[in-house]
Amino acid sequence: MISNRSESFTLSEQTIDMVSEICVQTLSEAGSDKKDIIRIRLSLEEILGVWLESLRGASVHVDCGQKFGRAFMKISVDGPAMDAWENDETLILSNRMLSQAGLSFTYAYKNGKNCLTCNPRKSSSMGQIASLICAVILAVILGAGARLFPEIQTTALSVTQPLFNMILGAIRAVSSPLVFLAVCCGIISIGDLTMVGKIGRRLILKMIAGTFILSAVMALLNCLLFPVTAETGNEVSGNFSEIYQMVLEIVPSDIVSPFIDGNALQLVFMGICIGATLLILGERVSAAQNIMMQANEAVQFLMAGLGKAIPFFVFLSLFNLILSDFGGGLSSLVKVFVITIPGFLLLTLFYVITAAVRLKVSPILLMKKMLPTYMIALTTASSAAAFSTNLETCERKLGIPKRVVDFAIPLGQVIYKPGFVVELSVMLLCMAEHYSVPITPQLLIMSILVVGFLSIAAPPIPGGAISVFIVLFVQFGVPGEAIALAAAVNAVLDFFLTAANLSCLQIQVALEIHGAGMLDEKKLKKSI
């Protein structure tokens, strides 16, 4: 339980120590990781140190506690506006790093006060694994029991199906703006990454290119795993005409219909165009940039709130599946697992072997060094939980310079998700096959673009994957009922997916830095 407290001080060296101690206590009561607490304390002390140089003796007010069950911390300092992040690359990178752990500060100037706010993650009495396992077990037990009594089965479906539709409708309402804003704000954020230089730009481009290359490889492999409806004769030209028409339809006829229809390519196209426009205009449209960034924060907050209902959503989807068409659904579930889990493992192994050859290091040693991050991700399905270990592994064990780690890892965790490419590709075709949607060459070709864009745009928040599934299925005409299966499968696959994503990210960054001649090979090849 977080205790509410409100205290006032006069800004001085001693005050900085006292405020940081209050910060540590609040974060500890919120259940934050010890390494995260250290990072945010250092960041807070840096910001207060910057203010101390010009605002010494100013009034400092600290408020912390809980609002609506959510932890909060606010620090206000009287005086003229002083954005500590302005023109300070170290603080920009530090705050971006903390944002991946859900612990970043937000600055605002209100009523003559410089305000810092932070909303640390709420500690949970039941971990994600336990809650999902309970949801699955409960769904199986109650579903199996209800099937024994037809009258109860009918009544149960009449209650649970509307609940499922309600949650699904809420997620659908947020999904389209979530994808659009994620793309738009991702483009705008490039303006804040000018400090990363040539290496950073090359790394970003390689991550994006690698995503689409993997998406194309998955489309080719899926030709061997799924029954593709092959067309012959004059119908081939028809197929290409359909593909050409789909490409032309990427440009929407109006600004509203893409959000209503959930057209993935149109949403991404609009996000890129608007984001690029705001980025090019720069300071002339700073207010518009702020509106987009704030809207993105608000939508992600809504989706994170909906994400708390994921265990209940998974329970409802499995329960309804067991009562309605358990046999047919089970075959699709099994096929997704059979293809994707080995796919994640093979993808990670491919990256490790590639790195071992290019870096001339033992693959066993490389895997040992990457294992701590992999295991945390595998057991928590959270890139935020593995964030601190990820940074430490990259810098101290893989020999990546700290200044590169500080921007590459936070950024990479947002835009580089090769494991998600594998899952989206397989999930789309499994659901298409299950619901008798023809798997045609044009579907496979268009899936390369759609899967690639959606894997980059998918926000790393609870419920983010489900919102992407909704947009993906709408794009290819897969019935909405497929969300039930996809949600149930993703709840389990997310653990393997997160582990694969972080491992591939570590290697991708190491390879790029090696190519630039900046990798510390002594650290890389040092035994552990």
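The values are calculated or read from the model by the stated rules, or taken from the named source; none is laboratory data. Predicted, not measured: the structure shown is a model, and the values here were computed from it. All Cβ positions, glycine included, derive from the backbone under ideal geometry; neighbour counts span all protein chains shown.
Just checking, does the range 430-438 include any residue being free of Cβ contacts under 8 Å to residues at least 12 places away in the same chain, farther than 24 Å from Ser455 by Cβ and either assigned to a loop (DSSP other than H, G, I, E, B) or of a type in the set (Val, Ile, Thr) (or both)?
So far as the range 430-438 goes, yes, one or more of its residues are free of Cβ contacts under 8 Å to residues at least 12 places away in the same chain, farther than 24 Å from Ser455 by Cβ and either assigned to a loop (DSSP other than H, G, I, E, B) or of a type in the set (Val, Ile, Thr) (or both).
From Leu519, Leu497, Leu493, Leu505, grab the single residue that is over 16 Å from the mean Cα position of the chain (by Cα), in the same structural domain as Pro162 (by TED's automatic domain parsing) and among the aliphatic types (A, V, I, L, M).
Numbers: Leu497 fails: over 16 Å from the mean Cα position of the chain (by Cα); Leu493 fails: over 16 Å from the mean Cα position of the chain (by Cα); Leu505 fails: over 16 Å from the mean Cα position of the chain (by Cα).
From the options Leu519, Leu497, Leu493, Leu505, the qualifying one is Leu519.
Out of Ile466, Ile461, Ile470, one residue alone is outside any helix (DSSP H, G or I) and at pLDDT below 90. It is Ile461.
For Ala484, the stated conditions hold: it is assigned to a helix (DSSP H, G or I), modelled with pLDDT under 90, assigned by TED's automatic domain parsing to the domain that holds Gly262 and surrounded by 21 or more Cβ atoms within 10 Å (Cβ to Cβ).
Whether a residue is part of a helix (DSSP H, G or I), more than 17 Å from Ala484 (Cα to Cα) and among the hydroxyl-bearing types (Ser, Thr, Tyr) was assessed, and Thr155 passes this test. The condition of being at pLDDT below 80 and surrounded by fewer than 20 Cβ atoms within 10 Å (Cβ to Cβ) holds for only one of Gly65, Gly57, Gly79, Gly49, that being Gly65. Screening Ser331 against (1) crowded, with 18+ Cβ neighbours inside 10 Å; (2) among the hydroxyl-bearing types (Ser, Thr, Tyr); (3) closer than 19 Å to Asn490 by Cβ leaves a single unmet condition, (1).
Only one entry of Leu497, Leu485, Leu493, Leu444 meets the criterion of being closer than 20 Å to Leu220 by Cβ and in contact (Cβ under 8 Å) with a residue 12 or more places away in the chain, and that entry is Leu444. Of all residues in the range 4-34, exactly one satisfies the criterion of being modelled with pLDDT under 85, in a helix (DSSP H, G or I) and surrounded by fewer than 14 Cβ atoms within 10 Å (Cβ to Cβ), namely Lys34. Checked against (1) crowded, with 16+ Cβ neighbours inside 10 Å; (2) at pLDDT 80 or above; (3) of a type in the set (A, V, I, L, M, F, W, C), Ile171 meets all criteria but (2). Residues in the range 254-312 that are in contact with a Phe, Trp or Tyr (Cβ under 9 Å, 6 or more places away or on another chain) and of a type in the set (Asp, Glu): none.
Yes/no matrix, rows are residues, columns are (1) surrounded by 22 or more Cβ atoms within 10 Å (Cβ to Cβ); (2) more than 18 Å from Leu511 (Cβ to Cβ); (3) touching a helix residue (DSSP H, G or I) at 6+ places or on another chain (Cβ under 7 Å):
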position	(1), (2), (3)
Ala385	no, yes, yes
Asn390	yes, no, yes
Glu395	no, no, yes
Phe407	yes, no, yes
Val414	no, yes, no
Pro418	yes, no, yes
Val422	yes, yes, yes
Met427	yes, yes, yes
Tyr435	no, yes, yes
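Here Cys134 passes the criteria (1) at pLDDT 80 or above; (2) buried (at least 18 other Cβ atoms within 10 Å of the Cβ); (3) over 22 Å from Phe453 (Cα atoms); (4) not β-branched (Val, Ile, Thr) except the one numbered (2). Just so you know, in the range 338-367 the residues that are more than 14 Å from Cys504 (Cβ to Cβ) and within 21 Å of the chain's Cα centre (by Cα) include one that is surrounded by the most Cβ atoms within 10 Å (Cβ to Cβ), and it is Thr340.
Among residues of the range 450-490 being among the polar types (S, T, N, Q) and under 17 Å from His434 (Cα atoms), the one that is nearest to the chain's Cα centre (by Cα) is Asn490.
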